[in-house]
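Some notes on the structure that comes next.
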Amino acid sequence: MAELEADLDHIIPSSVLPPFWAKLVVGLVSLVCFARSYDGDFVFDDSEAIVNNKDLRAETPLRDLWHHDFWGSRLSSNTSHKSYRPLTVLTFRINYYLSGGFHPVSFHMVNILLHGGISVLLVDVFSVLFGGLQYTSKGRRLNLAPRSSLLAALLFAVHPVHTECVAGVVGRADLLGALFFLLSFLGYCKAFRENNKEGTHSTFWVLLSILLGTVAMLCKEQGITVLGLNAVFDILVIGKLNVLEIVQKVLHKDKSLENIGVLRNGGLFFRMTLLALGGAGVLYTRWKIMGTGPPAFTEVDNPASFADSVLVRAINYNYYYSLNAWLLLCPWWLCFDWSMGCIPLIKSAGDWRVIALAALWFCLIGLICQALCSEDSHKRRILTLGLGLLIIPFLPASNLFFRVGFVVAERVLYLPSAGYCMLLTLGVGALSKHTKRKKLMAALVLGILFINTLRCMIRSGEWRSEEQLFRSALSVCPLNAKVHYNVGKNLADKGNQTAAIRYYREAVRLNPKYVHAMNNLGNILKERNELQEAEELLSLAVQIQPDFAAAWMNLGIVQNSLKQFEAAEQSYRTAIKHRKKYPDCYYNLGRLYADLNRHVDALNAWRNATVLKPGHSLAWNNMIILLDNTGNLAQAEAVGREALELIPNDHSLMFSLANVLGKSQKYKESEALFLKAIKAHPNTASYHGNLAVLYHRWGHLELAKKHYEISLQLDPTALGTKENYGLLRRKLEQVQKKDV
């Protein structure tokens, strides 16, 4: 270890080696890298996991967090993603409570600080992994590798692949998982703090380490893998096991194998048993909580896992590993999503991309051989621990044990990147040893740190808004249908329908079965009155995915506009069959019945909408208006009062109820509601016009004249208001003549 420290002497100055200064430098650098994202919006998955997640709101009981997945759905549901991270959701809820709502700045600040804390914590972790575990007589751990641990922590702090975890709020799951992962490892190290006698340990700290590993898993599934790293560390560092020596003795049937101390170490066996039982117990409990089995992913999420040939699956999985390795080596091409055709399948050995597989395994086998066969025991230990920290946390994302819902995901590299930084530091030390140009080597390392810092800052800026994020992906993954879909959706939300149509069409071209793109494109075409093409697209969407409730409802709206009333009713009914609690669909079904003069059916449909969603203003309004138009003033008044109790600040409901009260000659109450509605929306012509009608009936002619004139200023084309104003003026002239 002293040799590696000497090799790094010209790169890391001694002035930053004291623990406080080393950690301060790492912490400040990590904050500088991602500070630009502090005032960013909620982007991409943040909308579903945070803004639309009812588990963050005070009205949701805290106990529900333990029965829901990361996105707020019940774990027992067949549609659940099965991502069980209740502690992460709890931090979102605390964030929401302390900031007084969905203010993204506080959410982003927590993520940035977490990354800074993890980077600082890694200084201690790397000092153990590089320098081994030694304590003073007072129980204080010695840092035997200050330069190596500082350089590795700096490389981790500035790695651009972390941007998704830090700048995207949902990345907090990975940050919290990593935090408790590292705390679990350091806790395991403390099990050997007070015992200098070989083989002894503190069972309390071992159990606490298992508990912290469980906490890590409740933040992000990867967290439980810390138990595997603890086991490897125990065997190699505490037990001082030489794997190559044991393999050689087994192969040669050497009787001296029985004398290897680590194999007769009862303490090691006891700790391994605790780790194995703890891990198995936690995983079994996690499986039981998951309820209905693993989540159901689609082919577009992970096409390789749906390949019929085992060989094709194996080749593509290994290609995905090589892409992950490349993102660690050269994190320049980063993308928020790598699915939907971004990475085409390798279907034959003639595909040039198999070179990447060969390169990956050539490097891995070389590192493994060095980890087993090197004559330098320190080098063997560091390589093995580095590979362990790289590979073990990545295993849940490897498709080896179960199918995952992505092809490549930068967020899952957050923890494995620590292992990569450890190996890179070892490589830098080896290069420094064999080169005479020490200053050039130092400049190279500083250049890597500077370029990565710059890339982090640029990428953090791209994560500040959805528009920048989605557009940044077009050059990285031009074949990704989801990228084009998200760009189109962002444009549509901003009202740029023409550009949105172009991107939606490209998404459908790239993935002809992309039903969500078809649904959104059909919606825009419906609004532009291009009904025939909208019907074709939506019909194709429900043909591809028969249980797509939203597409069925939108198809019903289009069919209603095309006067295909029976087909529209059937589409609405099908949507409700697939989504029982669908208030918007009941609302649109009610509109269909109203068009057909089936008033009772319309009222029933709108009532169902308000039962499912008490805040459904449009459904309440339509009920009031229909009852008003059919002369049921008493019932209309009752419905209006009920609606305003539930939605007291809705100006449109005030307006509708005011109209009913005016017809019932309850002028004073009607006037009060009209004035409240006008105060909320002073520039709505109909509000002033109908208040003028009320005053006209009531005999307050000057007030009626005032509001008729305001209404006509706001909307000079309103024929009814013009006619009523004309009548009022004639009446005022008659009054003036009588007075004369």
Amide H partners (placed H, <5 Å) of Gln134, local residues excluded: Leu142
Surface share of carbon and sulfur [accessible, 1.4 angstrom probe, percent] for the stretch 510-669: 49
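Taking all protein chains in place and a 1.4 Å probe, what share, in percent, of the accessible surface of the stretch 157-242 do carbon and sulfur account for? Intermediate values should be presented prior to the final figure.
On the way: 1590 of 2460 Å².
The value for the stretch 157-242 is 65 percent carbon and sulfur by accessible area.
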Interatomic Cα distance distribution for the stretch 140-188, bins of 5 angstrom, percent: 5, 17, 16, 26, 19, 11, 5, 1
Check cross-link reach from Lys668 to the aspartates and glutamates: straight Cα distance under 17 Å, and skip same-chain residues fewer than eight apart. Glu637, Glu702
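Compute for the stretch 61-152: radius of gyration divided by Kirkwood radius, i.e. Rg/Rh, restricted to C-alpha atoms, rounded to two decimals.
Details: Rg = 19.7 Å, Rh = 16.5 Å.
In the stretch 61-152, Rg relative to Rh is 1.20.
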Distance between modelled label sites at Glu702 and Arg505, nm, 7 Å Cα→Cβ extension: 6.2
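Which of the residue pairs Lys379/Lys436; Lys705/Lys737; Lys82/Lys288; Lys482/Lys513; Lys54/Lys581 have a Cα-Cα distance greater than 20 Å in the structure shown?
Where the Cα-Cα span goes over 20 Å, the pairs concerned are Lys379/Lys436.
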Which ³J(HN,Hα) values in Hz, rounded to whole numbers, follow from the phi angles of the stretch 56-61 under the Karplus curve 6.51 cos²θ - 1.76 cosθ + 1.60, where θ = phi - 60° and Gly and Pro get x? 7, 8, 5, 6, 7, x
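Please compute the length gained on full extension between Ser561 and Ser47, using 0.36 nm multiplied by the number of residues separating them and subtracting their Cα-Cα distance.
Values: separation 514, 0.36 × 514 = 185.04 nm, distance 3.15 nm.
So the extension gain works out to 181.9 nm.
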To the nearest 0.05, what FRET efficiency results for Arg471 and Asn529 with a Förster distance of 35 Å applied to their C-beta separation? 0.75
The whole-number value in µm²/s of the Stokes-Einstein translational diffusion coefficient for the stretch 347-503, with Rh from the Kirkwood sum over alpha carbon pairs at 20 °C and 1.002 mPa s, is 110
Put a dot 7 Å past each Cα toward the Cβ at Asp493 and Ser137; how far apart are the dots in nm? 6.4
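Evaluate the charge dipole of the stretch 124-244 about its Cα centre and quote only its size in Debye, nearest 20, assuming +1 on the Cβ of each Lys and Arg and -1 on the Cβ of each Asp and Glu. Walk me through the numbers before you get to the answer.
Values: 10 positive and 7 negative charges, 89 e Å.
About 420 debye.
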With every protein chain present, what accessible area does Tyr503 have (1.4 Å probe, heavy atoms only), rounded to the nearest 10 Å²? 40
Provide the solvent-accessible area of Ile557, counting protein heavy atoms only and rolling a 1.4 Å probe, rounded to the nearest 10 Å². 30
Could you list the trypsin sites (Lys or Arg not before Pro) in the stretch 296-376 that lie in coil according to DSSP, counting only those with at most 15 other Cβ atoms within 10 Å of their Cβ? Lys347, Arg353
To the nearest 10 Å², what's Thr684's accessible area with a 1.4 Å probe? 40
Indicate the gyration tensor shape class of the chain (rounded, prolate or oblate), computed on the Cα atoms with a ≥ b ≥ c the square roots of the eigenvalues: a/c under 1.5 is rounded; otherwise a/b larger than b/c is prolate and the rest oblate. prolate
Just the accessible area per residue of the chain, please: how many Å² with a 1.4 Å probe? 47
In the stretch 33-132, taking the dipole from +1 charges on Lys and Arg beta carbons and -1 charges on Asp and Glu beta carbons about the Cα centre, the listed residue (Leu62, Ile94, Phe42) farthest towards the positive end is Leu62
Sorted by chain and then number, the residues having a modelled amide H within less than 5 Å of the amide H of His68, at least 5 places away or on another chain, are Leu75
Rounded to the nearest 10 degrees, the helix 701-714 long axis (Cα) sits at an angle to the longest Cα principal axis of the chain of 50
Along the stretch 442-458, what does the Karplus equation 6.51 cos²θ - 1.76 cosθ + 1.60 (θ = phi - 60°) give for ³J(HN,Hα), rounded to whole Hz, x for Gly and Pro? 5, 5, 5, 5, 4, x, 4, 4, 5, 5, 5, 4, 4, 5, 4, 5, 5
Accessible-area order for Val43, Val300, Val170, largest to smallest, probe 1.4 angstrom, reads Val300, Val170, Val43
Heavy-atom accessible surface of the stretch 54-145: percent carbon and sulfur, 1.4 Å: 59
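For the stretch 515-607, just say rounded, prolate or oblate: build the C-alpha gyration tensor, square-root its eigenvalues into a ≥ b ≥ c, call rounded for a/c under 1.5, and beyond that prolate if a/b exceeds b/c, oblate if not.
Details: a/c = 2.17, a/b = 1.40, b/c = 1.55.
Judged from the Cα gyration tensor, the stretch 515-607 comes out oblate (a/c at least 1.5, b/c at or above a/b).
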Principal-axis tilt of helix 685-698 within the chain, Cα atoms, nearest 10 degrees: 40
Could you work out how far helix 549-561 tilts from the main Cα principal axis of the chain, as a 0 to 90 degree angle to the nearest 10? 30
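When a/c reaches 1.5 or more, the comparison of a/b and b/c decides; with that in mind, is the stretch 467-529 rounded, prolate or oblate per its Cα gyration tensor? Can you show the working numbers first?
Details: a/c = 2.51, a/b = 1.30, b/c = 1.93.
Verdict is oblate for the stretch 467-529.
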Test of understanding: what is the full-extension gain from Trp21 to Phe269, defined as 0.36 nm times their sequence separation minus their Cα-Cα distance? 85.4 nm
Spin-label model distance (nm) - Leu329 vs Phe306, 7 Å beyond Cα toward Cβ: 3.1
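For a distance above 17 Å, tell me the whole-number percent of Cα pairs in the stretch 558-653 that qualify. Don't jump to the answer; show the numbers that get you there.
On the way: 2255 of 4560 pairs.
Here the tail beyond 17 Å accounts for 49 percent of pairs.
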Give, rounded to the nearest 20 debye, the magnitude of the charge dipole that the chain has about its Cα centre when Lys and Arg contribute +1 at Cβ and Asp and Glu contribute -1 at Cβ. 920
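The values are calculated or read from the model by the stated rules, or taken from the named source; none is laboratory data. Given the structure is predicted, the values throughout are model-derived calculations rather than measurements. Using ideal geometry, Cβ is built from the backbone for each residue, glycine included, and neighbour counts are taken over all protein chains shown. These accessible areas exclude ligands, DNA and RNA; they are computed on the full protein's heavy atoms, side chains included. Shrake-Rupley method; radii C 1.70, N 1.55, O 1.52, S 1.80 Å.
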